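Written out below as structure tokens is the structure these notes cover.
The values are calculated or read from the model by the stated rules, or taken from the named source; none is laboratory data. This is a predicted model, so every value here is computed, not measured. Positions of Cβ are generated from backbone atoms using ideal geometry, with glycine treated the same way; all protein chains shown enter the neighbour counts.
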Amino acid sequence: MNGLDYLDLLKNHIDITRVPFSDRGSRLLVFRYPQLSGLYVKLAERLTQLDSNLEAYLHRPPFIQGLYLTDLDGAELDFEIDTSPSVITFHTRIGDFHLTFQDERSLSFGYPPDVRAGMRFRVFPQYWKSTPQGGKFMSVRNVTYSTTGVLERNQITPVEGGYEVDILVSTGQDCAVVISIQPSQQPEQIIRPFSMALQAAQQRWERWFGRVPPVQPQYQRTYAYAWWVMANNLISPQGMVTMEAMAPSKLNYVGLWLWDNALHALAYRHVDADLARNQIRSMLAHQLPNGMLPDAVFDDGVVASIDHPITGEVTKPPILAWSALKLHESDPNLQFLQEIYAPLVRLNAWWFSMNDDDGDGLAQYNHPYSSGLDDSPLWDEGMPVESPDLNTYLHNQMICLAQIADKLNMQTEAAMWRRRAASLVQRMIQDFWDPEAGLFWALRDEKPVRVMTPFNLLPLWTGSLPQEITAPLLNHLTNPKEFWGAYCLPTVARNDRHYDPETMWRGPVWANVNYFFVEALQKVGKVDLAAELRSRTLNMVMAQDDIYEYYNAETGAPPPRAANIFGWTSAIFIDLAIQASQELSVEKSSGWSNRKE
């Protein structure tokens with residue numbers, strides 16, 4: 001398939017009552033009201049100067065509300081809608097209107113030729129909040145609107161908290177009405193005819209899809225949607241976000257997260273190596289002096305500590321070196337490895353120097369969110385917790401540092417990293433391994449946290465365990481009463497009393513966890529089992545029209561609180577679909593060669 005074929009697969013796949021019509025880099029999110037012929041526009045910005053609550057943006061009303069296309073008498077036009085990545089088409093009784101992005105900050109509406117038609121919308125450029133002493137007004141964003149047609153009516157009426165705009169335009173040919181939302185006063189903007197804005201948008205998306213690798217037909221529809229998510233969730237540099245990077249979801253998670261960026265790079269490496277490298281750079285740019293990396297980076301701040309559910313420093317598991325090596329395999333770049341090596345060494349030192357209270361050589365989580373498994377029952381008994389998953393990530397990080405050191409001709413350091421990694425495996429076996437249970441327990445105050453999760457099995461991923469440990473771990477993994485099944489792997493074992501398939505990390509299936517285990521199974525030589533887990537993961541994601549944060553382990557459906565258009569699920573689907581397609585191509589080629597012989 002070529003780029004245009006993938007774009008064809010996305011016609012009317014994008015449901016703008018549920019997911020935003022946006023564009024690469026843009027902070028503007030266009031939605032349609034359910035069952036109404038009206039639109040609204042939200043901002044993918046936290047704007048914490050308006051409200052310091054980090055999640056206030058989730059509940060902030062739209063910046064533009066009640067946007068309606070109107071006829072010459074000002075009556076609202078009903079429409080039927082067609083969607084695609086580059087343009088929305090509104091079929092009305094007076095002709096077809098269109099919507100595209102002129103640029104990141106500007107929405108361009110194309111009007112039917114030679115008609116008199118209008119638009120009405122309400123905009124709320126100020127934020128108002130009452131206080132015990134009175135109230136405050138603050139500027140949100142600036143908005144301008146203009147047209148290439150003849151403006152016959154231009155009425156602005158104050159409404160509570162904002163303004164209602166009502167315009168009427170005599171369109172002529174190739175008429176555009178452009179609405180721009182800017183963070184500050186901008187020079188007067190050049191308004192392009194609609195056809196020019198549309199052509200540029202179409203070319204942007206054709207270039208994007210023209211670079212994606214081919215996959216087998218069964219994956220193509222979801223694959224196309226996943227690549228749309230990977231572009232649609234990109235945000236441009238602004239404030240503390242120093243380079244173009246991907247928000248996990250422009251709708252639900254506005255900002256950059258450490259774990260997510262590492263996983264997003266898995267997909268970007270297939271189309272744009274520099275974009276993939278920037279996912280890693282954008283987090284390393286905010287490394288703290290002690291070597292710690294922050295949990296998240298927002299336009300207006302960096303999150304390295306948090307006060308819920310406990311107060312403490314917060315980061316995410318160390319997988320950047322692993323992600324960077326995968327990128328290097330696809331697009332070798334020794335200069336990039338040289339650039340990131342020292343920061344990653346400092347990060348590794350921080351984990352062992354600042355997160356090992358008892359000095360036993362095993363790192364601990366001091367905050368639940370640093371695990372990435374925010375509400376896992378592993379943390380119900382309190383913090384800190386020495387956990388096998390964290391020390392597995394650190395083992396893999398040191399192996400990756402060894403490989404990077406090799407490539408940079410630092411053999412002595414490479415040997416040191418391998419010795420340290422091997423020693424860490426032995427420490428995990430000594431302290432975490434329970435031969436009777438056949439798994440690795442997390443420890444709280446040197447006592448086992450008796451909650452069974454796939455993270456108790458994750459040391460498989462080291463590829464360095466003796467067979468007498470590997471075998472029982474595999475038995476747990478493939479036991480349908482625990483982790484295996486049509487929808488796997490649940491993030492708490494099905495027969496554990498804490499299992500809840502609807503609640504975030506207490507039972508649902510997460511694609512990133514499955515990805516780690518696909519690789520772990522490949523490392524221990526269970527190639528067929530890895531392929532089966534990969535296939536079940538791909539099928540689970542393909543069963544839904546959208547791509548979600550996590551999935552019910554019993555039904556495969558997304559729980560109500562699972563975010564949609566989710567980044568790392570899209571990235572992992574892409575990478576697994578490419579893996580599966582390449583393997584199938586090799587098998588077909590091998591089979592054909594054998595038949596010829």
Given the criterion among the hydrophobic types (A, V, I, L, M, F, W, C), over 14 Å from T70 (Cα atoms) and more than 37 Å from the chain's Cα centre (by Cα), identify the matching residue among I181, I156.
I156
Test S84 against the stated conditions and say whether it is touching a helix residue (DSSP H, G or I) at 6+ places or on another chain (Cβ under 6 Å), touching a residue at least 60 places away in the same chain (Cβ under 8 Å) and polar (S, T, N, Q).
no
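Listed residues L50, L29; which is surrounded by 19 or more Cβ atoms within 10 Å (Cβ to Cβ) and either in a strand (DSSP E or B) or of a type in the set (G, A, S) (or both)?
On the way: L50 fails: either in a strand (DSSP E or B) or of a type in the set (G, A, S) (or both).
After applying the criteria, what remains is L29.
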Find the residue count for segment 424-456, including only residues that are within 24 Å of D357 (Cα to Cα) and either of a type in the set (K, R) or assigned to a loop (DSSP other than H, G, I, E, B) (or both).
8
I'm checking my understanding of the structure. Among residues of segment 523-550 that are touching a residue at least 60 places away in the same chain (Cβ under 8 Å), in a helix (DSSP H, G or I) and not basic (K, R), which one is surrounded by the fewest Cβ atoms within 10 Å (Cβ to Cβ)?
M542
Name every residue in segment 289-322 that is among the aliphatic types (A, V, I, L, M) and touching a residue at least 60 places away in the same chain (Cβ under 8 Å), in order of residue number.
M292, V302, V303, I306, I310, I319, L320, A321
Condition broken by D496, with the remaining ones in (1) assigned to a helix (DSSP H, G or I); (2) of a type in the set (D, E, K, R); (3) surrounded by fewer than 18 Cβ atoms within 10 Å (Cβ to Cβ) satisfied:
(1)
Pick from S195, S180: which is polar (S, T, N, Q), modelled with pLDDT of 95 or more and either surrounded by 21 or more Cβ atoms within 10 Å (Cβ to Cβ) or closer than 28 Å to V586 by Cα (or both)?
S180
The listed residue being in contact (Cβ under 8 Å) with a residue 60 or more places away in the chain, part of a loop (DSSP other than H, G, I, E, B) and either surrounded by 19 or more Cβ atoms within 10 Å (Cβ to Cβ) or among the aliphatic types (A, V, I, L, M) (or both), out of I574, I565
I565
Restricting the first residue to segment 250-271 and requiring it to be closer than 17 Å to L325 by Cβ, which pairs with a second residue that is of a type in the set (D, E, K, R) and outside any loop (DSSP other than H, G, I, E, B) meet a Cβ separation below 7 Å and a spacing of at least six or different chains?
L266/K326; L266/D575; A267/D575; R269/K326
Kindly indicate the residue of segment 499-520 that is assigned to a loop (DSSP other than H, G, I, E, B) and either modelled with pLDDT under 95 or in contact with a Gly (Cβ under 8 Å, 6 or more places away or on another chain) (or both) and also farthest from N564 (Cα to Cα) among those meeting that condition.
Y499
Restricting attention to segment 358-374, and to residues there that are surrounded by fewer than 17 Cβ atoms within 10 Å (Cβ to Cβ) and either within 22 Å of the chain's Cα centre (by Cα) or of a type in the set (G, A, S) (or both), which single residue is farthest from K316 (Cα to Cα)?
G359
Determine whether P377 is touching a His at 6+ places or on another chain (Cβ under 9 Å), in contact (Cβ under 8 Å) with a residue 24 or more places away in the chain and surrounded by 22 or more Cβ atoms within 10 Å (Cβ to Cβ).
yes
Across (1) surrounded by fewer than 22 Cβ atoms within 10 Å (Cβ to Cβ); (2) farther than 17 Å from A226 by Cβ; (3) among the polar types (S, T, N, Q), N512 clears everything bar (2)
Pairs returned, first residue in segment 131-158 that is more than 22 Å from R60 (Cα to Cα) and among the small types (G, A, S), second residue that is modelled with pLDDT of 90 or more and part of a strand (DSSP E or B), beta-carbon separation under 6 angstrom, 6 or more apart or interchain, are S146/V178; G149/V169; G149/S170
Looking at (1) surrounded by fewer than 23 Cβ atoms within 10 Å (Cβ to Cβ); (2) aliphatic (A, V, I, L, M); (3) over 23 Å from E55 (Cα atoms), which one does A324 not meet, given that it meets all the others?
(1)
